[in-house]
Amino acid sequence: MKFSLLLGAPFVISLNPLRAALVTAFSLATLVALATANTEPALADAASTVENRSAEEKEAAATSPLKEVKITLDQVVATNERLMGDAHTKERRDELRRIIEPRFDFDEMAKRSLGPEWPKRTKEEQAEFSRIFSKLLASTYLDRVETATRDMLTVDKEKVQYPRAIVRTTVTSRGESFPIDYKLQFVEGEWRVYDVVVENIGLVANYRSEFAGIIRKEEFSGLMQKLRDKAG
């Protein structure tokens, strides 16, 4: 199974029915480094950081990433049911994009997909890459979810370790079931998706590998031209 933004390949190219359905265990190590300067202002800053983080953690604990993902997916299905058929394609896709954009952190996904190349680029290059990548990724995701029906999607469980979480879902299609996991992080008061993992294959890692290969052969300018051409 492989994902591609540039080669026009399906979101899920193939499914191996013998592949284990269990998702790779989610783990997160939170590393916190505090300044140890002997000045009162530095200590006050550190204390303020701890207080702010504690407040944000409490805010995150009061919300459920599983519930938020389920609400988004329910809205997707309801839109598909209400705006069925080719006659409503544009209206349906516009509405689906309005639904998913607040839930997905496309800028973070763009940054992670470019990997070590990201800090090498200027602010202008980063902004253009993020804009085009986000457009293509949203379109790719919409291609797959605009046919989703209520009986295809099951939201199974969540695992939270602040400031990140994973929500595990199951998709059933054509008699086969496979896992799709949403990785989220708590940003500005809400849980937002920064990666999607289909049968243990993460979109971000997959695109990072694809983009790195293009950059090695054609440099960053070559990658950008391919993305521009694809975006139209």
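Data overview
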{"quantity": "Pick from the stretch 79-134, criterion touching a Ser or Thr at 6+ places or on another chain (Cβ under 8 Å) and of a type in the set (Asp, Glu), ranking: surrounded by the most Cβ atoms within 10 Å (Cβ to Cβ)", "calculated": "95"}
{"quantity": "Count of residues meeting criterion [over 23 Å from residue 130 (Cα atoms) and either within 16 Å of the chain's Cα centre (by Cα) or modelled with pLDDT of 95 or more (or both)] in the stretch 171-195", "calculated": "2"}
{"quantity": "Scan of the stretch 100-129 for residues that are at pLDDT below 95 and of a type in the set (Val, Ile, Thr), ordered by number", "calculated": "100"}
{"quantity": "Selected residue [surrounded by 14 or more Cβ atoms within 10 Å (Cβ to Cβ), under 18 Å from residue 99 (Cα atoms) and aliphatic (A, V, I, L, M)] from 198, 160, 171, 145", "calculated": "145"}
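The values are calculated or read from the model by the stated rules, or taken from the named source; none is laboratory data. None of the values given here were measured: they were computed from a predicted structure. FYI the Cβ positions are ideal-geometry reconstructions off the backbone, even for glycines, and counts take in every protein chain you see.
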